[in-house]
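J.: The structure that follows is given in the form of structure tokens.
The values are calculated or read from the model by the stated rules, or taken from the named source; none is laboratory data. Please read all numbers here as calculations on a predicted model, not as lab measurements. All Cβ positions, glycine included, derive from the backbone under ideal geometry; neighbour counts span all protein chains shown.
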Amino acid sequence: MSILLHVLACALYAALGAHFFRTRWRGGAGAAELKPWERAAILVPLALQSWLLYHDLLGGPTLRFGFAHALSLMMWLAVLFYWVQGFFYSLPGMFAIVLPVAAATVLLPPVFPGFEAPPYTSTVEFRLHLFVAMLAYSLFAMAALQAALMLPLERRLHRGDLRGPAAGLPPLLTLEAMLFRIIGLGFLFLTLTLAAGAVFSEELFGRAFPLNHKTLFGVISWVIFGGLLVGRHFRGWRGRRALHWTLAGFAVLLLAYVGSRFVLEVILGRSLA
């Protein structure tokens, strides 16, 4: 039954993604308001994925969390964010990007169930730390998706070609301001994640920052996003430079947790303490 629900959520996400691609991108109405039935329809696979994540992560006596659950949770938060954002911004064209990615990630947990986490991960404090970390990942995933959208739009703007979906989207300056709000909030949660991780590591292993891939890539991504925010504030960084920094920072952040867990769980076949 659980596998069927994963397939159903995937099919609904994919169908809605195709609908938004057809009506908002190919139809050239990228900024058209969400219709009530569209808003309600998105809630159906979102609710299904909510139940599946709760069942997989919290429904058992121990925590089971791997790279597949991390990706699924990230995209669940991304869909929820853009759904809520629809009350304040007119940007439903983003669903043409977010929903197909969510469709792919919702199928991953049954295929890669991961390993049972160590006993200390069952504490409320650790699960709160994990939730904050996933908030940071999700916000930066949204920033990366938006940066990937903005790069071709910027090139088309310089060529004076605003036909198709580009004509219906908000101005690039509006998208850029939204992007940096997302990055700023993500940087805050990433800082909290690294600080809390240092405290947990000190208590459990006697070292605040153990030398491993997760710590190394996490700190590098923090430096990249911090440098981007500093450059934006003091040097006015924008355009392609800011977009490239955003994509680079997310790529490093992805390696910090999801990449290392993928190598351990799928390639090496063992858990990560």
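J.: Within the set of pairs 6 or more residues apart or between chains, which connect a residue that is under 18 Å from Glu176 (Cβ atoms) inside the stretch 216-241 to a residue that is among the acidic types (Asp, Glu) with Cβ atoms less than 7 Å apart?
T.: Listed by first residue and then by second, the contacts come to Arg238/Glu176; Gly239/Glu154; Arg240/Glu154.
J.: For Glu116, which of the numbered conditions (1) modelled with pLDDT of 85 or more; (2) over 13 Å from Ala141 (Cα atoms) fails to hold?
T.: Among (1) modelled with pLDDT of 85 or more; (2) over 13 Å from Ala141 (Cα atoms), Glu116 violates only (1).
J.: Give just the number: which of (1) modelled with pLDDT of 80 or more; (2) not in a helix (DSSP H, G or I) does Asp161 not satisfy?
T.: The one condition Asp161 does not meet is (1).
J.: So, one more: Looking at Leu211, Leu185, Leu151, which is the one that is surrounded by fewer than 19 Cβ atoms within 10 Å (Cβ to Cβ) and either at pLDDT below 75 or assigned to a loop (DSSP other than H, G, I, E, B) (or both)?
T.: Result: Leu211 is the single residue among Leu211, Leu185, Leu151 that is surrounded by fewer than 19 Cβ atoms within 10 Å (Cβ to Cβ) and either at pLDDT below 75 or assigned to a loop (DSSP other than H, G, I, E, B) (or both).
J.: Another question about this same structure. Looking at the stretch 147-176, I want the residues that are within 16 Å of Glu33 (Cα to Cα) and have a partner that is loosely packed, with under 14 Cβ neighbours inside 10 Å and modelled with pLDDT of 60 or more with Cβ atoms under 9 Å, at least 6 apart or on another chain. Which pairs are those?
T.: Short answer, once both residue conditions are applied: Pro165/Arg26; Ala166/Pro152.
J.: Next question, about the same structure. Only one of these is closer than 13 Å to Phe250 by Cα and either modelled with pLDDT under 75 or touching a helix residue (DSSP H, G or I) at 6+ places or on another chain (Cβ under 6 Å) (or both): Ala167, Ala141. Name it.
T.: Unique residue meeting the criteria: Ala141.
J.: Another question, if that's okay. Hey, does the stretch 125-134 have a residue that's modelled with pLDDT under 85, outside any helix (DSSP H, G or I) and crowded, with 19+ Cβ neighbours inside 10 Å?
T.: no
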